[in-house]
1. Which residues' amide hydrogens lie under 5 Å from the amide hydrogen of residue A:77, considering only partners 5 or more residues apart or on another chain, with H built in the peptide plane?
2. Taking neighbour counts of Cβ atoms within 10 Å as a proxy for exposure, in what order, fewest first, do B:406, A:68, B:329 appear?
3. Just to check I understand the Karplus step: with θ = phi - 60° and J = 6.51 cos²θ - 1.76 cosθ + 1.60, what whole-Hz values come out for the stretch B:263-276, glycine and proline as x?
4. Assign one of three labels to the stretch A:164-224, namely rounded, prolate or oblate, based on the Cα gyration tensor with a ≥ b ≥ c the square roots of its eigenvalues; rounded applies when a/c is under 1.5, prolate when it is not and a/b is larger than b/c, and oblate otherwise.
5. With each label point set 7 Å from Cα along the Cα-Cβ vector, what nm distance links residue A:266 and residue A:100?
6. Count of lysine pairs in chain B with Cα atoms under 15 Å apart, counting only pairs 8 or more residues apart in sequence or on different chains?
7. When the helices in the protein assembly as shown are scored as -39500 (n - 2.57) per DSSP H run of 4 or longer and the sum is shared across all residues, what 222 nm value do you end up with, to the nearest 500 deg cm²/dmol?
8. Within 10 Å of each Cβ in peptide B:148-155, how many partner chain Cβ atoms are there on average? Round it to a whole number, please.
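Each reported figure results from applying straightforward, stated rules to the coordinates on display, with no laboratory input. Model, not experiment: these values are computed from the prediction. Methodologically, a virtual Cβ is constructed for each residue, glycine included, from the backbone with ideal geometry; neighbour enumeration extends over all protein chains shown.
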Amino acid sequence: MPTPPRHLLAIEGLEPPHIADMLDLAENYALLNRSGKTQRDLLKGRTLINLFFEDSTRTRTSFELAGKRLGADVINMAVSTSSVNKGETLLDTASTLNAMQCDLLVIRHAQSGAPALLSQKVEAAVINAGDGTHEHPTQALLDALTIRRHKGHLDNLVIAICGDVLHSRVARSNIHLLLTMGARVRIVGPPTLIPAEAARLGVEIFHTMREGLAGADVVMMLRLQKERMAGGLVPSSREFFRFFGLDAEKLAYAKSDAIVMHPGPMNRGVEIDSAIADDPVRSVIGEQVEMGVACRMAVLDLLARNLRRNTRI
Amino acid sequence: MADFAHLPYKRQQMAALLITNARLMDAGAGLDILGSLLIKSGRIAAHGPSLTAPELTPTLDAQGAILAPGLIDMRASLGEPGFEHRETIASAARAAAAGGITTLCALPDTEPALDDPALLQFLIRRGEATGSLTILPYGAATIDCAGKDMAEFGLLREAGAIAFTDGRRAIASARAMRLALSYARGFGCFIVQHPEDPSLAAGGAATEGELATRLGLPGIPAAAESILVARDIALARLTGGHVHFAHVSTGAALDLIRGAKAEGLHVTCDTAPPYFDLNETAIGDYRTYAKLSPPLRADADRLAVVAALADGTIDAIASDHQPRDADDKRLPFAQAEAGGAGLATLLGITLARVHGGDLTMLQALALLTSNPAKLLNLETGTLAPGAPADLVLFDPERGWKVEAGKLPGKAQNSPFDGRALEGRVIATFKAGRRVFG
């Protein structure tokens with residue numbers, strides 16, 4: 001088995017055993033979390049810094065909780081309070097973090113590739129918590145874990161990822177992960193929201209929900225940001241909802257036991273109907289959040305085993 | 001509705017009619033035989049060289065005239081909504097019936113523009129109310145046909161939009177055109193472009209060249225057409241979308257389209273009668289009735305259009321009917337409105353190219369019936385049994401003269417005023433009902 005990576009920057013390039021290991025460990029953490037037990041000694045003395053250059057509540061909180069449940073010292077650095085606003089470059093920030101002897105660095109940035117750049121300069125293990133329109137690896141892991149818990153496996157499942165694929169790092173990470181694990185991935189949306197040459201990633205492309213959802217085991221909705229309308233890629237939210245918003249009529253094209261997912265935050269009435277989002281049988285959106293903490297605990301645990309700096313403060 | 005007053009045959013022919021002794025021509029099927037055609041319940045029941053019908057079936061002896069599918073005019077402006085002083089739907093329907101047109105695609109750059117599903121449904125219903133003309137409206141490609149924000153193609157398509165265009169206005173922004181082509185592809189629709197670069201056309205009144213120079217008129221270079229055609233072909237290649245160029249009028253643009261088709265791109269086009277029947281000399285003496293958009297071209301371009309009709313580069317001939325009233329036209333040339341009335345002359349001018357030996361009769365009819373039907377995915381444009389009995393019966397030899405002021409319908413601004421033509425409509429049938437002749 002190849003050496004596990006030192007950072008988690010992207011799903012693309014990970015081997016199936018790495019992904020399976022992370023999911024297995026995350027599954028254990030999910031059970032542990034539900035049992036109410038903790039493992040607060042695992043990352044004792046380790047420093048986890050949440051470096052968020054973009055607003056985020058749920059991902060930052062999820063990492064914070066994961067770090068704390070494993071006993072790490074967790075510090076949140078939001079862009080508004082950091083010296084980045086005073087003109088400090090990303091690499092200046094890296095040397096500052098090195099001086100602080102940070103062990104685990106969770107970064108979210110609006111620019112694709114920013115975590116990779118930072119990873120070349122910091123001693124810490126870097127975890128990409130979303131970079132531009134590139135990847136959001138822990139989201140793909142938590143989605144895969146949620147699917148696996150419901151369907152028992154990932155291989156040969158038909159998974160439809162719907163909506164604004166063009167701007168979605170969640171979609172990219174999910175495409176890579178699910179294809180690596182043997183699932184059949186479809187992307188569904190208007191041509192203006194499908195990235196160029198997407199078929200070369202290995203997905204099937206559909207422009208109608210009827211075709212794209214036919215026979216799907218999993219329907220994964222993406223958030224459509226309001227600025228996409230202003231950018232002219234979609235004429236209006238009412239048109240988007242009519243043709244690509246998930247409602248009962250469109251969900252009926254999928255398998256009768258298909259589950260519905262959404263990475264949040266949702267635009268109700270734009271990409272998803274409230275009745276579907278809140279459906280206790282079909283929607284697993286709440287469980288995704290729960291699995292997010294478990295997956296992040298697993299990622300922190302695994303990366304901490306390989307830290308270059310093995311001394312603990 | 002009072003609009004029915006002009007339709008004396010409204011209640012007739014609903015049951016059955018046998019048209020005998022006709023030259024049956026269905027270009028899509030390559031059919032050209034002498035025979036009869038039976039209409040039943042508004043549809044074509046059968047046709048053949050020796051067809052008999054049950055006793056007491058009303059019969060019409062065509063006396064050897066050509067019976068073809070009703071013409072499908074894929075580009076016309078109606079006065080409604082917003083310009084009822086120029087043309088109403090009722091008057092356009094009269095002119096269309098007299099011209100053998102049974103289906104007409106209406107441009108959306110009206111006032112207000114057809115960028116709202118309710119407006120499209122309104123126009124379709126107004127067409128149905130004429131009893132003689134199916135109106136298939138285009139949806140606006142951009143809000144208010146202003147070239148900026150994409151319209152709701154999906155909702156407009158559901159409301160009956162046949163395709164999307166900004167009508168007489170070019171979609172100038174390459175980004176807007178790219179998004180429109182791409183987004184329309186998801187709904188299986190195409191975008192119709194007025195191929196004229198607006199920045200080169202601004203302020204122009206005639207094709208740039210010797211004649212415009214002598215007349216002292218501001219010119220529009222012929223290249224304004226090929227520049228936009230070249231750009232949009234590149235965008236069709238990029239997006240996989242389908243672009244249709246309207247009223248193509250220059251050899252350079254047709255060469256580009258010919259090449260794009262050979263490459264397998266989803267590119268189609270139409271032209272209008274003025275561009276293969278007239279050249280720029282028609283505007284001599286500042287004849288504003290011959291002021292069109294795009295402007296009439298040099299004769300070499302006219303000949304290139306004729307050649308492209310014959311070799312299949314051009315998919316359809318559309319009337320490009322643009323109703324204008326006297327106030328629009330009785331102005332100094334550069335200030336007069338562009339546009340010509342074209343419904344009543346669509347068939348006659350096309351037949352002139354048959355009489356001139358440039359096109360066969362079947363080629364001409366394909367350009368007016370089966371080709372646009374295929375492009376627009378219609379069930380008409382054919383004589384196949386089961387198809388709606390939308391038919392035109394015409395005598396290809398009967399002579400007449402185009403006289404502005406005496407044309408059917410309200411709009412009289414024909415660029416062909418004074419033109420002697422051979423080929424006249426004897427009767428037009430809509431869903432089996434005789435609506436003209």
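1. Amide H neighbours of residue A:77, under 5 Å, 5+ apart: A:50, A:51, A:52.
2. On the way: B:406 10, A:68 16, B:329 20.
Listing B:406, A:68, B:329 from fewest to most nearby Cβ atoms yields B:406, A:68, B:329.
3. For the stretch B:263-276, the Karplus-derived couplings read 6, x, 6, 8, 10, 9, 7, 10, 9, 10, x, x, 7, 10 Hz, x marking Gly and Pro.
4. Rounded, because the longest to shortest axis ratio a/c is under 1.5.
5. 3.5 nm
6. On the way: B:10/B:430; B:40/B:430; B:291/B:329; B:329/B:410.
Close lysine pairs found across chain B: 4.
7. Details: 26 runs with 250 residues, N = 750.
The helix contribution divided over the protein assembly as shown gives -9500 deg cm²/dmol.
8. Details: counts 1, 5, 8, 3, 8, 4, 11, 6.
Mean partner shielding for this stretch: 6.
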